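Engineer: The structure under discussion is supplied below as structure tokens; questions concerning it will follow.
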Protein chains: 2
Amino acid sequence: MATRPLKIILTEDDDPIRERLASIVGAWSGAELCASCSNLEETFAAIENREIDLLITDLRLPDGSGIEAIRALAGKHPNAEAMVISVLADERSVLDAIEAGASGYLLKDADSIDLIDAIKDVMAGRSPISSRIARVLVRRLSDRKAESGAEEIDRPTLTTRETDILWGIAKGFTYGELADKLAISRQTVPVHIRNIYRKLQASNRSEAVFEAARLGLIKL
Amino acid sequence: MATRPLKIILTEDDDPIRERLASIVGAWSGAELCASCSNLEETFAAIENREIDLLITDLRLPDGSGIEAIRALAGKHPNAEAMVISVLADERSVLDAIEAGASGYLLKDADSIDLIDAIKDVMAGRSPISSRIARVLVRRLSDRKAESGAEEIDRPTLTTRETDILWGIAKGFTYGELADKLAISRQTVPVHIRNIYRKLQASNRSEAVFEAARLGLIKL
DNA sequence: GACCAAATACCATGAACATGGTATGGGTGG
DNA sequence: CCACCCATACCATGTTCATGGTATTTGGTC
């Protein structure tokens, strides 16, 4: 990291704030401010033209969202990092920014942002995130787990043979083909299938496949 | 929050560290240190007996994981908060802690943890999280989005009638039942089914259901 | 602990019967 | 032209019933 200055793009539509951030970055010897943009258009141009290590961007811009800038950056410079500095703290903005590829997210109201520390963090593979923003991520992840854990469906247990057969009928094999593949008699196949029906409370092949898919017994 | 002191449980097996943290909390007028525990057993007892606002816990304890303490807290005091202070930064530990209900997660190696700030943060509904830990959450969320957005499959178009029929065979209806439900002739049903087979490149009911489920044409 | 019988679960088979799949026709309306 | 509808008929396939073999587990006795 200390080998060469970090090439940084800064995007922020509010002039005083942008100049303040720019002066902080400019005063640091570890960084080189490639572009200081006040809207999306300038940012796109900066992304197209230069080698970039880091994009620091606001979200609400006069001609669109900073998230689009992050997406453009990810497309053009996959190894570059992106960090958001915004007043927005709603779930939609935060999650969309993360999805687009942002690794850091600082709230503007944070008292005296330590920008250089944040830049060092994000370039070292960490994620500087304001505690209010982090709560959005935490809630999202704990909710996810909660809901996926809430589906307490007691799925019936199928024997290995039954699983083989089930996979076969999902693939559309006939009794004969199935018997061939499993090296058993053509007459044995239906017996397993019958047991499958009982366990899945189905009464024919298609219903069994449907239930199996619903219960996650076969991978689609 | 300023009305009454926060009732806090502190769990940390390393004596010097625990005493240092305890002294920090003790020196703050806004908190009351209800219990200072060095293992899981003591923590469980403290959770059972008292009113609690916040649990601050290490993860690696001599008799188990602090995550179990968090789960116990969530069961007994649903409105209480939990915060982790640990050296562990692996994905498993972090996500399990979040899932269990932790709202904050500080790395022990953080230079001079500002514990009081972190406590204020977590009790104000924010999530104080070290940047290295935050990266785990960010990666998790962006990966999720990436994989769910990657499914770009061009699924065939079914007519309304065909969709009806498809749903019917997934439910295991026979030709006759299907004809009855849709008020059409029993002989017409196979025609639609045949068209479905063509579009889905299937050759029988079960394979059609399987393909339809895989393509997301029927909701499980 | 060693032994054996009963119970259980899984796998297998053949024959009789019901259903599904396919190939023919053709007809209506947008 | 396409989506939808109806009809007849043949044959392959799926479904059910009745039955037996094998391995593992259970529980009791010596």
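Engineer: For residue B:61, list long-range residues whose amide hydrogen, built 1.01 Å from N in the peptide plane, is under 5 Å from its own amide hydrogen.
Structural biologist: Answer set, sorted by chain and number: B:66.
Engineer: Report in % the part of the accessible area of the protein assembly as shown that belongs to carbon and sulfur, leaving out ligands and nucleic acids; probe 1.4 Å.
Structural biologist: Reported share for carbon and sulfur atoms: 47 percent.
Engineer: At 222 nm, what helix-only mean residue ellipticity would chain B give, in deg cm²/dmol to the nearest 500, using -39500 (n - 2.57) for each DSSP H run of four or more?
Structural biologist: Numbers: 10 runs with 113 residues, N = 220.
Estimated from H runs of four or more residues: -15500 deg cm²/dmol.
Engineer: Let me ask something additional. By its C-alpha gyration tensor, with a ≥ b ≥ c as the square roots of the eigenvalues, how is the stretch B:6-148 shaped: rounded for a/c under 1.5, else prolate for a/b larger than b/c, else oblate?
Structural biologist: prolate
Engineer: So what are the ³J(HN,Hα) numbers for the stretch B:87-92, from phi and the Karplus equation (6.51, -1.76, 1.60; θ = phi - 60°), rounded to whole Hz, Gly and Pro as x?
Structural biologist: The phi angles translate into 8, 6, 10, 6, 4, 4 Hz.
Engineer: Please find, in a Gaussian network model of chain A (springs between Cα atoms separated by less than 10 Å), the residue of A:180, A:117, A:53 whose mean-square fluctuation is greatest.
Structural biologist: Taking springs between Cα atoms under 10 Å, the residue moving most is A:180.
Engineer: Just to confirm, what accessible area per residue do you get for the stretch B:6-148 at 1.4 Å probe, in whole Å²? Write down the numbers at each step before the final one.
Structural biologist: Values: 6200 Å² over 143 residues.
Heavy-atom SASA per residue in the stretch B:6-148 reads 43 Å².
Engineer: Along the Cα→Cβ direction, 7 angstrom out, place labels at residue A:116 and residue A:214. What is the inter-label distance in nm?
Structural biologist: Between residue A:116 and residue A:214, the simple spin-label model gives 6.2 nm.
Engineer: Where is the GNM fluctuation largest for chain A (alpha-carbon springs, 10 angstrom cutoff): A:22, A:124, A:170?
Structural biologist: A:170
Engineer: Here is a further query. Going by Cα centres, the stretch B:160-220 and the stretch A:12-44 are how many Å apart?
Structural biologist: 59 Å
Engineer: Let me check against my output: what whole-number percent is the relative contact order of chain B, with C-alpha pairs under 8 Å and at least 6 apart?
Structural biologist: 12 percent
Engineer: Kirkwood hydrodynamic radius of the protein assembly as shown from all distinct Cα pairs, in Å?
Structural biologist: 26.0 Å
Engineer: Still on this structure, I have one more. Provide the per-residue ³J(HN,Hα) series for the stretch B:198-212, in order, calculated from phi with Karplus coefficients 6.51, -1.76, 1.60 and θ = phi - 60°, each as a whole number of Hz, with x at glycine and proline positions.
Structural biologist: With coefficients 6.51, -1.76 and 1.60, one gets 4, 5, 9, 6, 10, 10, 6, 4, 5, 5, 4, 4, 4, 4, 4 Hz.
Engineer: How far, in nm to one decimal, is residue B:78 from itself in the other copies if the label point is set 7 angstrom along Cα toward Cβ? Shortest first, please.
Structural biologist: So the distances to the same position in the other copies read 4.6 nm.
Engineer: Would you mind giving the total buried accessible surface between chains B and A, with a 1.4 Å probe and ligands, DNA and RNA left out, rounded to the nearest 100 Å²?
Structural biologist: Separately minus together, B and A give about 3500 Å² buried.
Engineer: Within the stretch B:1-58, report the GluC sites (Glu not before Pro) that DSSP leaves as loop and that have at most 10 other Cβ atoms within 10 Å. Show your work: numbers first, answer last.
Structural biologist: Numbers: sites: B:12, B:19, B:32, B:41, B:42, B:48, B:51; in loops: B:12, B:51.
Those satisfying the criteria are B:51.
Engineer: Let me know the shape class of the stretch B:160-215, please: from the alpha-carbon gyration tensor, a ≥ b ≥ c as square roots of the eigenvalues, rounded when a/c is under 1.5, otherwise prolate if a/b is greater than b/c, or oblate.
Structural biologist: It is prolate, given that a/c is not under 1.5 and a/b is the larger ratio.
Engineer: Now, a different point. List the residues of the stretch B:199-217 for which accessible area in the full set of protein chains is at least 10 Å² lower than for the chain on its own; 1.4 Å probe, protein heavy atoms only.
Structural biologist: B:204, B:205, B:206, B:207, B:209, B:210, B:213, B:214
Engineer: What nm distances, shortest first, do you get from the label point of residue A:220 to those in the other copies when the point sits 7 angstrom along Cα to Cβ?
Structural biologist: 0.6
Engineer: Using a simple charge model, +1 on the beta-carbon of Lys and Arg, -1 on the beta-carbon of Asp and Glu, nothing else, what dipole does the stretch A:36-96 show about its Cα centre, in debye to the nearest 20?
Structural biologist: With Lys and Arg at +1 and Asp and Glu at -1, about 60 debye.
Engineer: Calculate the dipole size of chain A relative to its Cα centre from +1 charges on Lys and Arg beta carbons and -1 charges on Asp and Glu beta carbons; express the result in debye to the nearest 20.
Structural biologist: Here the size comes out at about 1580 debye.
Engineer: Mind checking which of B:159, B:43, B:11 has the largest fluctuation in a GNM of chain B, springs on alpha carbons under 10 Å?
Structural biologist: Sorting by GNM fluctuation, first place goes to B:159.
Engineer: 7 Å along Cα→Cβ for the label point: how many nanometres lie between residue B:26 and each equivalent label in the other copies, listed shortest first?
Structural biologist: Distances between equivalent label points, in nm: 5.2.
Engineer: Using the structure shown, select from A:181/B:219; A:199/A:219; A:219/B:219; B:171/B:199 the pairs with a Cα to Cα distance greater than 22 angstrom.
Structural biologist: Check vs 22 Å cut-off fails for A:181/B:219.
The values are calculated or read from the model by the stated rules, or taken from the named source; none is laboratory data. Quantities reported herein were computed from a predicted structural model and do not represent experimental measurements. Using ideal geometry, Cβ is built from the backbone for each residue, glycine included, and neighbour counts are taken over all protein chains shown. For accessibility, only protein heavy atoms count, side chains too; no ligands or nucleic acids. Shrake-Rupley method; radii C 1.70, N 1.55, O 1.52, S 1.80 Å.
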